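A short worksheet on the structure shown next.
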């Protein structure tokens, strides 16, 4: 919930942002409700909303499209953000999976899409396919929801301080390229490219298991740990954009070949679940490596919580072993609080969408810290799987 600080009442611009933030948090509200939340007078709220006719619309109590001013004697007008003003997109381009989320400026999800391609392809090929899907999606959205206001993209490695794609193990042909050279720029649409784990950490902080934590790690539940780090509320990237990449340490004997990716290791987890002794022993060894990397990470960052993410984060046979081994390793220090991601499938895309929406409000209202929120109900309910509640699936635009 948005809270207005009384010390921020110095300017009309600030109170305009305060009214907009309160309305975005509430979804829809009357003048009186906004006055109660912000602590401003009803006339001030009315005047500030009148400054935002491009963003705010009347949805009841007055004819649709009128200037947001209540009319005496009629039922109290209710206001909300004008969804047709524009939209933002958040996407993840992974090794085999692509995920796309779209929301309007009110934070209402318009599209939830997934695409899986099991074939090995270059980064350039993946970007070309991504551009094609996005072009078709944007063409349909512009007809109903106005301007494209921003794009966030999550990549393994992200963009370094030099403005070029840094460490990119899944698509080495993109490494060293600028986003424009990689084909990720769409005209003059504002673009934010973020490390996939940093984007997932942003999503977890806003909508997941790290809510309320100022310092935490979003770490892969994997034998070679990589993590997105948030310290005192800020994402930590490091001087080379490699903060949290514990997996780059040459740490003992090489792992078995079938530990190289989830698809080849998953049969071991399945067999361990069935009680196979050899698989359980192998899973013990896998978890021991993961716990050692998490111990390194924990003592370097001292987080309030470590959130385990990735494709295996919900496999209890693995995470229980990691937790037990980590507890043993850290007994001279302190018990580590572990949690499981609440955004396993769409975490990086959701974090990218949050970045794009926040940037859009920076442009629209001049506030870089505008508390934009995304309505998570369609994702939490799984409505995207059946295309319910107006949320379109990838099949609708392919």
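Once R0 is set to 30 Å, what does the formula 1/(1 + (r/R0)^6) return for the Cβ-Cβ distance between residue 96 and residue 211, expressed as a FRET efficiency to the nearest 0.05?
That pair, residue 96 with residue 211, gives E of 0.50.
Ranking 166, 239 by Cβ neighbours within 10 Å, fewest first, what do you get?
So the ranking, lowest neighbour count to highest, is 239, 166.
Find the centroid of the Cα atoms in the range 173-225 and in the range 236-308, then give the distance between the two in whole Å.
That distance is 20 Å.
Which residue, 95, 142, 332, has the most motion in a Gaussian network model of the chain that connects Cα atoms within less than 10 Å?
Per the Cα network of the chain with a 10 Å cutoff, 332 tops the list.
Note down the nm distance, to one decimal, between modelled labels 7 Å out along Cα→Cβ at residue 257 and at residue 28.
Computed distance between label sites residue 257 and residue 28 equals 6.1 nm.
Sorted from fewest to most neighbouring beta carbons within 10 Å, what does the list 128, 164 look like?
Exposure proxy ranking, most exposed first: 128, 164.
Cut-off 13 Å, label point 7 angstrom out along Cα-to-Cβ of residue 264: give me the residues of the range 112-155 whose amide nitrogen falls inside.
Within reach of a label on residue 264: no residues.
Given the rule -39500 (n - 2.57) for each run of at least 4 DSSP H residues, summed and divided by the residues of the chain, what is its mean residue ellipticity at 222 nm, to the nearest 500 deg cm²/dmol?
After summing the helix terms and dividing by the residues of the chain, the value is -11500 deg cm²/dmol.
Multiply the residue gap between residue 119 and residue 302 by 0.36 nm, knock off their C-alpha separation, and tell me the result in nm, one decimal place.
Answer, rounded to one decimal: 61.9 nm.
What percent does the relative contact order of the range 209-340 come to when contacts are Cα pairs within less than 8 Å and at least six residues apart?
Worked out over the range 209-340, it gives 32 percent.
Before anything else, pin down the relative contact order of the chain: Cα pairs under 8 Å, at least 6 apart, normalised by residue count, whole percent.
18 percent
What ranking do 258, 85, 116 get, fewest neighbouring Cβ atoms within 10 angstrom at the top?
116, 258, 85
What is the spin-label model distance, in nm, from residue 173 to residue 274 if the labels are put 7 Å beyond Cα along the C-beta direction?
3.9 nm
Using only Cα atoms, find the angle between the long axis of helix 277-301 and the longest principal axis of the chain, and express it within 0 to 90 degrees, rounded to the nearest 10.
Here the helix axis deviates by roughly 60 degrees.
Which one, 335, 311, 118, has the greatest fluctuation when you compute a Gaussian network model over the chain with C-alpha springs under 10 angstrom?
Looking only at 335, 311, 118, the biggest GNM fluctuation is shown by 118.
Between 289, 108, 42, where does the largest GNM mean-square fluctuation fall for the chain, given springs only between Cα atoms within less than 10 Å?
42
Return the distance in nm (one decimal) between the two label points of a simple spin-label model at residue 162 and residue 247, each offset 7 Å from Cα along Cα→Cβ.
Placing both labels 7 Å beyond Cα along the Cβ direction yields 2.3 nm.
What label, among (i) 77, 58, 44; (ii) 132, 51, 38; (iii) 77, 48, 43, belongs to Cα extents along the principal axes in Å computed from the structure on display?
Step by step, Cα extents along the principal axes in Å for this structure corresponds to label (iii).
Read-outs: derived from the displayed coordinates by stated rules, not from any lab. Owing to the predicted nature of the structure, the values given are computational and were not obtained by experimental measurement. Backbone-built Cβ (ideal geometry, glycine too); neighbour counts: all protein chains shown.
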